[in-house]
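Visitor: This is the structure, below, for whatever I ask next.
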Amino acid sequence: MLEIKEQPAAPAGPEPAAFEGWKAKDLLDTDTLSTANIETIMETAEAMREVRARPVGKVATLRGATVATLFYEQSTRTRASFEVAAKALGADVVNLSASGSSVEKGESLIDTVRTLEAIGTGVIVIRHKSSGAPYLAAANTSASIINGGDGTHAHPTQALLDLFTMRRHVGSLQGRKVVIVGDILHSRVARSNVWTLLASGARVVLAGPPTLLPRTLALSGELGGCEVTADFDDAIAGADVVMALRIQKERQEGGLIPSLREYIRGYQLNATRLKRANPGALVMHPGPMNEGIEIAPDVAHGLASVIEEQVANGVAVRMAVLYLIVTGRAP
Ligand code: CP
């Protein structure tokens with residue numbers, strides 16, 4: 001007869017009671033997070049980082065939970081780190097792409113998330129090319145929805161892992177100058193970062209070609225509190241953190257930048273420009289990078305770069321978000 005052995009006792013995980021303070025069904029953007037909520041997520045991520053540093057690097061805190069990644073757009077970092085994060089907490093993981101799923105047969109987003117909910121999925125991480133898609137999903141399922149990047153709108157876990165990485169090096173962001181350079185207009189990363197950085201007291205400067213800057217948004221107050229400039233050389237002076245964004249080649253085809261050569265001349269993060277920043281300034285990039293375009297290879301891989309650390313911290317931060325969402329909803 002088949003013998004089913006009891007699973008070995010799981011290593012202890014962080015105590016849920018220690019991290020009360022953010023109880024939400026979904027994480028759709030950072031703009032709904034208070035300073036206290038952000039602090040809770042950062043503290044929880046620090047505990048998760050310690051879990052990852054242990055010899056096993058896993059706990060069974062979310063055993064019995066199922067997390068789905070539902071990606072309608074390409075991803076390496078976000079998708080892989082959510083999967084690693086969920087498994088590191090003992091959850092089961094279902095990975096779905098638009099290609100190869102019933103989405104190709106015309107199934108709607110709402111029907112897809114309801115199908116996942118019906119098979120017992122409690123958390124669904126969605127990436128979608130349409131801004132707002134995760135909001136539609138969240139309103140039509142009782143599963144928790146985490147926005148893994150929607151169109152040009154938001155990428156909350158990227159902003160949280162960016163903040164976590166900055167804090168580990170800089171400490172408090174209060175009064176620190178953070179410059180984000182590139183295609184601000186279409187960047188969900190920039191938008192979500194603005195909220196967490198302003199909530200942390202940072203001075204935020206958005207720099208890029210005039211055609212890729214949301215001047216009207218800044219003036220209307222939607223990104224209130226940020227400085228916006230087309231002069232990157234001026235912006236980078238005295239910066240504590242410089243984050244370069246991917247220049248999306250389709251923008252060039254759309255005529256929003258005159259040529260890659262012009263872009264490089266005015267906006268590439270290179271060693272000469274980096275000398276204008278404060279000594280020890282951090283170099284960041286959410287990835288994927290176009291090395292040689294928005295960032296010079298020697299800077300991307302230089303001593304000031306924390307780009308690989310951002311990716312590594314993505315696991316701890318996503319563990320924290322999954323943990324807080326699942327345990328926050330537990331009866
Ligand atoms: N930063 C980021 O979202 O990367 P991926 O597209 O690889 O997930």
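The values are calculated or read from the model by the stated rules, or taken from the named source; none is laboratory data. No experiment lies behind these values; they were computed from the predicted model shown. Note: ideal-geometry Cβ built from the backbone for every residue, glycine included; neighbour counts use all protein chains shown. Accessible surface areas use protein heavy atoms only, side chains included; no ligands, DNA or RNA. Shrake-Rupley method; radii C 1.70, N 1.55, O 1.52, S 1.80 Å.
Visitor: Residues being in a loop (DSSP other than H, G, I, E, B) and free of Cβ contacts under 8 Å to residues at least 40 places away in the same chain: count how many of those fall in segment 89-118.
Guide: 7
Visitor: Give the residues of segment 38-79 that are under 21 Å from V103 (Cα atoms), open to solvent by 10 Å² or more (accessible area, probe 1.4 Å), within 16 Å of the ligand (Cβ to nearest atom) and not in a loop (DSSP other than H, G, I, E, B), sorted by residue number.
Guide: R79 - this is the single residue of segment 38-79 that is under 21 Å from V103 (Cα atoms), open to solvent by 10 Å² or more (accessible area, probe 1.4 Å), within 16 Å of the ligand (Cβ to nearest atom) and not in a loop (DSSP other than H, G, I, E, B).
Visitor: With S81, S172 as the choices, which residue is polar (S, T, N, Q) and assigned by TED's automatic domain parsing to the domain that holds H285?
Guide: Selected residue: S172, the only one of S81, S172 that is polar (S, T, N, Q) and assigned by TED's automatic domain parsing to the domain that holds H285.
Visitor: Regarding segment 138-151, can at least one residue be identified that is within 16 Å of the ligand (Cβ to nearest atom), of a type in the set (A, V, I, L, M, F, W, C) and over 28 Å from G64 (Cα atoms)?
Guide: No; the residues of segment 138-151 include none that is within 16 Å of the ligand (Cβ to nearest atom), of a type in the set (A, V, I, L, M, F, W, C) and over 28 Å from G64 (Cα atoms).
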